[in-house]
Amino acid sequence: MARAAESILQINLMNWLRFNYPDIEKDTWHMANERQCSVHQGRLLKRLGVKRGISDLFIAVPMSGYHGLFLELKEGNGKPSKEQKEFLSRMLARGYAAVCVTGLDAAKSVIESYLRGNNVSI
């Protein structure tokens with residue numbers, strides 16, 4: 001159920017972004033790491049570069065010294081995994097803003113803060 005709730009959260013966030021920041025939305029994409037597939041397809045995806053822990057969204061807009069914003073979305077009581085925390089820390093060390101947020105309002109707030117040039121990382 002958590003995946004469905006996070007999917008709805010992400011759809012709502014992307015709709016909000018399309019409406020309020022259409023130029024930014026053009027340079028925002030989802031990392032499709034969640035999936036149900038066969039063992040063969042899973043192996044193929046892994047060989048193609050799919051990795052555990054990669055954030056849900058990336059906004060490829062440099063701002064205030066950051067190269068872009070990685071955003072991990074959680075809903076309800078969802079918590080980032082060890083791999084997600086490690087990914088966010090690595091991206092922060094490499095010059096990206098990198099944040100895990102819970103809920104739609106928090107996600108909007110982080111994006112707006114980032115686009116105003118404020119520090120939003122972890």
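The values are calculated or read from the model by the stated rules, or taken from the named source; none is laboratory data. Here the structure is a predicted model, which is why all the values come from computation and not from measurement. Methodologically, a virtual Cβ is constructed for each residue, glycine included, from the backbone with ideal geometry; neighbour enumeration extends over all protein chains shown.
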Just checking, how many residues over segment 37-55 are within 18 Å of SER81 (Cβ to Cβ) and within 19 Å of the chain's Cα centre (by Cα)?
-> 6
Looking only at segment 47-59, and only at residues there that are loosely packed, with under 13 Cβ neighbours inside 10 Å and not small (Gly, Ala, Ser), the one that is farthest from ILE8 (Cα to Cα) = ARG47
Matching residues in segment 60-82 (at pLDDT 95 or above, surrounded by fewer than 16 Cβ atoms within 10 Å (Cβ to Cβ) and more than 19 Å from ILE11 (Cα to Cα)) number 3
Kindly provide the set of residues from segment 14-36 that are modelled with pLDDT under 85 and more than 13 Å from the chain's Cα centre (by Cα), ordered by number.
-> ARG35, GLN36
Out of all the residues in segment 14-46, which are closer than 16 Å to GLY68 by Cβ and surrounded by 11 or more Cβ atoms within 10 Å (Cβ to Cβ)?
-> LEU17, TYR21, ILE24, GLU25, LYS26, ASP27, THR28, TRP29, HIS30, MET31
Flag for LEU73 being touching a Leu at 6+ places or on another chain (Cβ under 7 Å) and closer than 23 Å to ASN119 by Cα | yes
State all residues of segment 1-13 that are of a type in the set (A, V, I, L, M), surrounded by 10 or more Cβ atoms within 10 Å (Cβ to Cβ) and modelled with pLDDT under 85; if no residue qualifies, say none.
-> ALA2, ALA5
